[in-house]
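The values are calculated or read from the model by the stated rules, or taken from the named source; none is laboratory data. For clarity, every value in this text was computed on a predicted model and none was experimentally measured. Virtual Cβ from ideal backbone geometry, glycine too; neighbours counted across all protein chains shown.
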Amino acid sequence: MLRSLRFGEADRILHLYTPNRGRVSAIAKGVRRAKSRFGGRLEPFFRLEAVLYEGRSEILTVTSVQTIAGHASLRENAAALDVAARSCDAVGRLFATDDPHPGVYHLLANLLTLLDADVARATTATALAFRLKLLLAAGFAPHLAACANCGATDHMVGFSGAAGGMVCSACEAGAFTLAEEAHEFLVLALGSPLAQAPDASPRALAQAERAIRETAEHHAQVRLGAIASAGTT
C-alpha cells in the first residue's frame with residue numbers, strides 16, 4: 001500500500017500499487033471503527049492480498065484482505081519509515097496510471113523487504129538507487145556513457161536534465177557540474193541490485209539527487225520530493 005487517507009467518519013481511501021493493474025484507489029469502509037474486520041492491516045507499507053469489488057465508481061471497494069508482509073521492524077525505525085514513504089511517493093508519481101508494471105511492484109516489494117530486514121539500509125544512497133531504477137523502468141534512465149545530446153564520449157563536463165544525461169563541453173549549456181564520484185554512483189546504482197546499492201559522500205549524493213530530480217521533471221513531467229535528509233550516508 002502506498003498511502004492511506006481518512007474519509008468520512010470511519011472510512012479510508014487507499015492508494016494501492018498492484019502487479020497487474022498498476023496504481024488503483026479503493027475505499028475501506030468502517031476501517032477506523034474499533035471493531036473493524038480489517039484490524040490494523042490497511043496502513044502504508046503493508047504488502048497485502050486483497051479482494052476488491054469493482055462497481056460503477058472509479059474507486060474500488062475493499063471486501064477482504066490478508067497480510068503477506070507487515071514489515072514490523074521497518075515501522076519501528078524513523079529513517080526506514082522515511083525512505084519507505086519517499087519511495088512509495090515516487091512510485092505513485094512516476095506510475096500514476098492503471099497500466100501494469102509488475103517489475104515496479106516487485107522492486108517496491110524488494111525495497112520494503114530490505115528495509116524491514118536491515119534498517120541500516122535506510123540511507124539516502126538506497127533511496128536514490130531506488131529512484132534510479134524507477135526511472136529505468138519508466139524509460140527515462142539518464143544517459144551516462146556518452147553525451148546525451150551529441151553522442152560524444154570525450155570531454156564530459158556536466159549533467160543536463162533537459163538533455164537527459166551527461167553532456168560534453170560542446171553541449172554544456174544549461175548543465176551543472178557532476179563530479180566523478182557522483183557519476184560513478186549513478187553508474188553503479190543503475191547496474192547493481194538494490195541490496196548492493198553503492199554509497200558516496202554527501203556532496204556526490206546531492207549531485208546525483210539533482211540529476212535524478214531534473215531528469216524526472218524534464219522527461220516524465222514529475223516533480224519528486226527531496227530526499228537529501230533521508231537516513232544517513
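Worth pointing out:
- Subset of segment 44-69 that is assigned to a loop (DSSP other than H, G, I, E, B) and surrounded by 16 or more Cβ atoms within 10 Å (Cβ to Cβ) - its residue that is modelled with the lowest pLDDT: 44
- Counting residues in segment 4-27 that are closer than 22 Å to residue 76 by Cα and of a type in the set (Ser, Thr, Tyr) gives one or more.
- Restricting 217, 180 to those that are among the charged types (D, E, K, R), within 18 Å of the chain's Cα centre (by Cα) and farther than 30 Å from residue 117 by Cβ reduces the list to 217.
- For segment 188-205, a residue qualifies if it is surrounded by fewer than 15 Cβ atoms within 10 Å (Cβ to Cβ) and more than 23 Å from residue 112 (Cβ to Cβ), and the qualifying residues are 201, 202, 203.
- Residue within segment 204-226 that is assigned by TED's automatic domain parsing to the domain that holds residue 103 and touching a strand residue (DSSP E or B) at 6+ places or on another chain (Cβ under 6 Å) present: yes
- Pairing each residue of segment 72-92 that is in contact (Cβ under 8 Å) with a residue 12 or more places away in the chain and under 16 Å from residue 41 (Cα atoms) with any residue that is of a type in the set (Ser, Thr, Tyr) and in a loop (DSSP other than H, G, I, E, B), provided the two are 6+ apart or on different chains, yields no C-beta distance under 8 Å.
- For segment 20-34, the set of residues classified as more than 24 Å from the chain's Cα centre (by Cα), of a type in the set (Lys, Arg) and more than 14 Å from residue 51 (Cβ to Cβ) consists of 32, 33, listed by residue number.
- For segment 5-35, a residue qualifies if it is polar (S, T, N, Q) and out of contact with any strand residue (DSSP E or B) (no Cβ under 8 Å at 6 or more places or on another chain), and exactly one does: 20.
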